[in-house]
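Since the structure comes first, as C-alpha cells, the remarks are kept for the end.
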C-alpha cells in the first residue's frame, strides 16, 4: 500500500513537472514573439517615413505590452493557485477525485453535477473561507464550467491574499 501511494505521488510530481516545462516553453516562445513584435514596431515607427507605418508601429508596440501583462497575470494566478493547493493538501482539505469516468477518461457529468451541490453548499455556508471557494472551483471544473471555475479560484486567491 505504501508503495502504491509513493508511486502515485511520484507520477503526479512528474506530471506537474512536465506541465511546468510546457508552460515555461510556451512562455519563452511568447516572449520571443513579443521581442520580434517590439523590434518590428520600432522599425515601423522610427525608420519608415510614412505616417501610416508610424501609426501601425505604435499599434504593434502596444500588443506586446498587453501580452506581457496577460502572461504575468496568468503565471501569477497559476503560482498562487498551486500555493493554495499545497496548503489544502497539507491540511487534508483537497477534494478527493473519485468521480466515475468514461472509458476515455472524462468525468461523467451527472456524477460531477451531483458532487457539485455539496461544494456549492459549503461555499454558501462559509462565504469568506477561501478553502470552500477553492473546492467549489474544483467542482465547477469537474462539471465542465471552466469560466466559473476560474472565477471561483480567483475569489479564493483574493480571499487568501486578504487574509480571510
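The values are calculated or read from the model by the stated rules, or taken from the named source; none is laboratory data. Remember, it's a predicted structure, so these values are computed and weren't measured experimentally. Here the Cβ positions follow ideal geometry from the backbone for every residue, glycine too, while neighbour counts run over all protein chains shown.
So that you can scan it fast, the table gives a plain yes or no per residue for (1) free of Cβ contacts under 8 Å to residues at least 40 places away in the same chain; (2) part of a loop (DSSP other than H, G, I, E, B); (3) surrounded by fewer than 12 Cβ atoms within 10 Å (Cβ to Cβ):
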{"residue": "66", "(1), (2), (3)": "yes, no, yes"}
{"residue": "72", "(1), (2), (3)": "yes, no, yes"}
{"residue": "75", "(1), (2), (3)": "no, no, no"}
{"residue": "103", "(1), (2), (3)": "yes, yes, yes"}
{"residue": "110", "(1), (2), (3)": "yes, no, yes"}
{"residue": "113", "(1), (2), (3)": "yes, no, no"}
*Check residue 128 against each of (1) over 30 Å from residue 33 (Cβ atoms); (2) assigned by TED's automatic domain parsing to the domain that holds residue 35; (3) not in a helix (DSSP H, G or I) and name the one condition it does not meet.*
(2)
_Among the residues of the stretch 125-152, what is the count of those that are within 19 Å of residue 163 (Cα to Cα) and more than 16 Å from the chain's Cα centre (by Cα)?_
8
*What are the residue pairs meeting all of these: first residue in the stretch 7-33, first residue in the same structural domain as residue 79 (by TED's automatic domain parsing), second residue at pLDDT 80 or above and in a helix (DSSP H, G or I), Cβ atoms under 7 Å, and 6 or more apart or on different chains?*
27/71; 27/75; 30/67; 30/71
